[in-house]
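Peer 1: Have a look at this one.
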Amino acid sequence: MDRISHWIDGKVVESTSGRSAAVFNPATGVQTGALDLASVDEVDKAVAAAKAAFPAWRATSLSKRAEVMFRLRELVDANRKEIAALLTAEHGKVLSDSLGEVARGLENIEFACGIPQLIKGDYSEQAASGIDVYSIRQPLGVVAGVTPFNFPAMVPMWMFANALACGNTFVLKPSEKDPSVNMFVAELLAQAGLPDGCYNIVQGDKVAVNRLLEHEDIAALSFVGSTPIAKHIYETGTKNGKRVQALGGAKNHMLVLSDADVDMAADAAIGAGYGSAGERCMAISVVLAADSIADELVAKIAERIPGVQVGPGTEAGNEMGPLITADHRDKVRGYIDNAPGEGASLVVDGREDVASEGFFLNPTLLDNVTPDMACYQDEIFGPVLSVVRVSGYQEGIDTINASPFANGTAIFTRDGGAARQFQFDVEVGMVGINVPVPVPVSYYSFGGWKSSLFGDTHIYGPEGVNFYTQAKVITSRWPDPSTSTIDLGFPETR
């Protein structure tokens, strides 16, 4: 059984806290590792290492920082299969999905390679007589990230690539459910030439998170996870004077209008609803079906579900793996258990014919769901797709906009006017038009609205660069000393 420890100041550091957590292979239910859980003292050591490394890393040239990112890009690319295998072993997602996660994370490293261009300031010559004004962006110092189980490689890359490229040093607290991939990536960062102490990992639970939130040397913290914890992270971090971006949960809707290609919509609902066993914050969990095509759409989704191959992610041909833990599987099963009693129709029951080993559920389809039901209101985070029937466009928009979650949404239609109106009307941060999972490319930024985001800055891309830097404006004059006089008047530019 593997022991998974911390990465502090460029090396593996075993914990002395005396606390540990079990790491499982979700496909078998067998424990594969024991994870060290950090003490407050161990978190402090990681932060101290990052603080000590910051002055030299901040002073490192932009071209050198970009060189490290370019080298990391090549190392991640060369080790795609190894990273994907670690993801599948501890998260359970199928290998093709794991490889996709690595590819999307790699895009963020590629974006950070352009840091010399991304961090450029502005310059105004002769803003006033003999005076020039210019702006620069400088790193914050030691920054931290707390990341979720569902994308244990990609989400840290959303954070640390920009943070390091901007000249900060970084402390990561990954999910305790699938931590090994980040230790592997830490070794790749070292191979890429990142100095010791610039990137640190503390394994742990809420003890580590709370210490990061209160630590006076942490300047900023990024978080991705559930809405209740995101709210706690934001409120606690900002109360302690930190810059915080905290991305929360989702209940993503896909509106299918009467003119849509129903086969295309059904295919999209399968992929977006059941991919990665629904454990995606951008998963489609609600299909809003126009009444005129609802019966046909439900039938087409139902007839496709038996074709979804469920099984261990390591086996070729499987398209959906297990859920992350037994507890989470049982929680998702509880929503299926209760839905018929609330009035939903159980069209396809994912509790049937489930593998006896591991934490599996099969795809579930619920019809005639209404917004007052728990299966609609809560972020289930599992392979459960709910169909809500609506009269048409306006009821669909009203339903989406009434939701407290506003991460992603999609519309399926052949009507360009309706699509354009949808992107104007919908109160959601990321919108897909005939695209069911509208995750922005790396040179835009990712984030929702309402209870799906706390803070005013989205993650990665241009907003990520802004989050990990602070602006400084310099007003400069080089006059002839012989012309110096005392002037108590208010400075003017004319």
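Peer 1: Quick test of your reading of the structure: residue 234 fulfils all but one of (1) buried (at least 23 other Cβ atoms within 10 Å of the Cβ); (2) within 17 Å of the chain's Cα centre (by Cα). Name the failing condition by number.
Peer 2: Unmet condition: (1).
Peer 1: Another question, if that's okay. Take the residues of the range 255-279 that are in contact with a Phe, Trp or Tyr (Cβ under 8 Å, 6 or more places away or on another chain) and over 20 Å from residue 306 (Cβ atoms): which is surrounded by the fewest Cβ atoms within 10 Å (Cβ to Cβ)?
Peer 2: Let us first name the residues in the range 255-279 that are in contact with a Phe, Trp or Tyr (Cβ under 8 Å, 6 or more places away or on another chain), namely 255-257, 260-261, 264-265, 268, 278-279.
Now narrow it down to the ones that are over 20 Å from residue 306 (Cβ atoms): 255-257, 260-261, 279.
Values: 255: 28, 256: 27, 257: 23, 260: 23, 261: 14, 279: 24.
So, considering only residues that are in contact with a Phe, Trp or Tyr (Cβ under 8 Å, 6 or more places away or on another chain) and over 20 Å from residue 306 (Cβ atoms), the one surrounded by the fewest Cβ atoms within 10 Å (Cβ to Cβ) is 261.
Peer 1: Considering each residue of the range 202-226, count those that are assigned to a helix (DSSP H, G or I), of a type outside the set (Gly, Ala, Ser) and touching a residue at least 60 places away in the same chain (Cβ under 8 Å), and give that number. It would help to see each step written out before you state the result.
Peer 2: Looking only at the range 202-226, we keep the residues that are assigned to a helix (DSSP H, G or I), and these are 206-214.
Still in the running and of a type outside the set (Gly, Ala, Ser): 206-207, 209-214.
Okay, now just the ones that are also touching a residue at least 60 places away in the same chain (Cβ under 8 Å), so 207, 209, 211-212.
Final tally of qualifying residues: 4.
Peer 1: For the range 130-183, list the strands (runs of 3 or more DSSP E) that sit wholly inside it and hold at least 2 residues that are touching an Asp or Glu at 6+ places or on another chain (Cβ under 7 Å); which are they? Please lay out each step first, then the result.
Peer 2: Values: elements: 131-139, 142-146, 169-173.
Passing ranges, in order: 131-139.
Quick grid of which residues meet (1) crowded, with 21+ Cβ neighbours inside 10 Å; (2) outside any strand (DSSP E or B):
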position: 7; (1), (2): yes, no
position: 12; (1), (2): no, no
position: 17; (1), (2): no, yes
position: 21; (1), (2): no, no
position: 27; (1), (2): yes, yes
position: 32; (1), (2): no, no
position: 35; (1), (2): yes, no
position: 38; (1), (2): yes, yes
position: 41; (1), (2): no, yes
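Peer 1: Would you be able to tell me the number of residues in the range 280-319 that are surrounded by 24 or more Cβ atoms within 10 Å (Cβ to Cβ) and hydroxyl-bearing (Ser, Thr, Tyr)?
Peer 2: Final tally of qualifying residues: 1.
Peer 1: Output the residues belonging to the range 97-127 that are among the polar types (S, T, N, Q) and assigned to a helix (DSSP H, G or I). Explain how you work it out, then say what you get.
Peer 2: First, pick out the residues of the range 97-127 that are among the polar types (S, T, N, Q): 98, 108, 117, 124, 126.
Within the range 97-127, 98, 108, 117 qualify.
Peer 1: If you go through the range 382-420, how many residues are surrounded by fewer than 24 Cβ atoms within 10 Å (Cβ to Cβ) and outside any strand (DSSP E or B)?
Peer 2: Of the residues in that region, 20 qualify.
Peer 1: Only residues that are part of a loop (DSSP other than H, G, I, E, B) and in contact with a His (Cβ under 9 Å, 6 or more places away or on another chain): list them for the range 444-460, please. If you could, list the steps in order and put the result at the bottom.
Peer 2: Residues of the range 444-460 that are part of a loop (DSSP other than H, G, I, E, B), as a first pass: 444-445, 447-448, 451-452, 455-458, 460.
Within the range 444-460, 444, 445, 447, 448 qualify.
Peer 1: Conditions: (1) surrounded by 15 or more Cβ atoms within 10 Å (Cβ to Cβ); (2) part of a loop (DSSP other than H, G, I, E, B); (3) not charged (D, E, K, R). Residue 441 meets all but one. Number of the miss?
Peer 2: (1)
Peer 1: Select the strands (runs of 3 or more DSSP E) contained entirely in the range 227-335, then report the ones holding at least 3 residues which are modelled with pLDDT under 95 and assigned by TED's automatic domain parsing to the domain that holds residue 143. Before the answer, list the steps.
Peer 2: Numbers: elements: 243-247, 252-256, 284-290.
Because the criterion is at least 3 residues that are modelled with pLDDT under 95 and assigned by TED's automatic domain parsing to the domain that holds residue 143, no strands (runs of 3 or more DSSP E) in the range 227-335 meet it.
Peer 1: Looking at the range 27-76 only, could you name the residues that are under 30 Å from residue 355 (Cα atoms) and in contact (Cβ under 8 Å) with a residue 40 or more places away in the chain? Step through it out loud before you land on a result.
Peer 2: Taking the range 27-76 and keeping what is under 30 Å from residue 355 (Cα atoms), we get 27-35.
Correct list: 27, 28, 29, 32, 33, 35.
Peer 1: Can I ask one more? Is there a residue in the range 182-194 that is under 16 Å from the mean Cα position of the chain (by Cα), crowded, with 23+ Cβ neighbours inside 10 Å and touching a residue at least 24 places away in the same chain (Cβ under 8 Å)? Spell out the reasoning first.
Peer 2: Of all residues in the range 182-194, those under 16 Å from the mean Cα position of the chain (by Cα) come to 182.
From what's left, crowded, with 23+ Cβ neighbours inside 10 Å: 182.
Of the ones still in play, those that are also touching a residue at least 24 places away in the same chain (Cβ under 8 Å) are 182.
Yes - at least one qualifying residue is present in the range 182-194.
Peer 1: Please give the number of the condition residue 364 fails out of (1) among the hydroxyl-bearing types (Ser, Thr, Tyr); (2) farther than 16 Å from residue 301 by Cβ; (3) surrounded by 22 or more Cβ atoms within 10 Å (Cβ to Cβ).
Peer 2: Of (1) among the hydroxyl-bearing types (Ser, Thr, Tyr); (2) farther than 16 Å from residue 301 by Cβ; (3) surrounded by 22 or more Cβ atoms within 10 Å (Cβ to Cβ), only one is false for residue 364: (2).
Peer 1: I've got another one for you. Residue 101 - would you say it is of a type in the set (D, E, K, R), within 23 Å of residue 6 (Cβ to Cβ) and buried (at least 22 other Cβ atoms within 10 Å of the Cβ)?
Peer 2: Numbers: of a type in the set (D, E, K, R): yes; within 23 Å of residue 6 (Cβ to Cβ): no; buried (at least 22 other Cβ atoms within 10 Å of the Cβ): yes.
It is false that residue 101 is of a type in the set (D, E, K, R), within 23 Å of residue 6 (Cβ to Cβ) and buried (at least 22 other Cβ atoms within 10 Å of the Cβ).
The values are calculated or read from the model by the stated rules, or taken from the named source; none is laboratory data. Quick caveat, the model's predicted, so the values are computed rather than measured. When we count neighbours, we look across all protein chains shown, and the Cβ atoms used for this are built from the backbone with ideal geometry, even at glycine.
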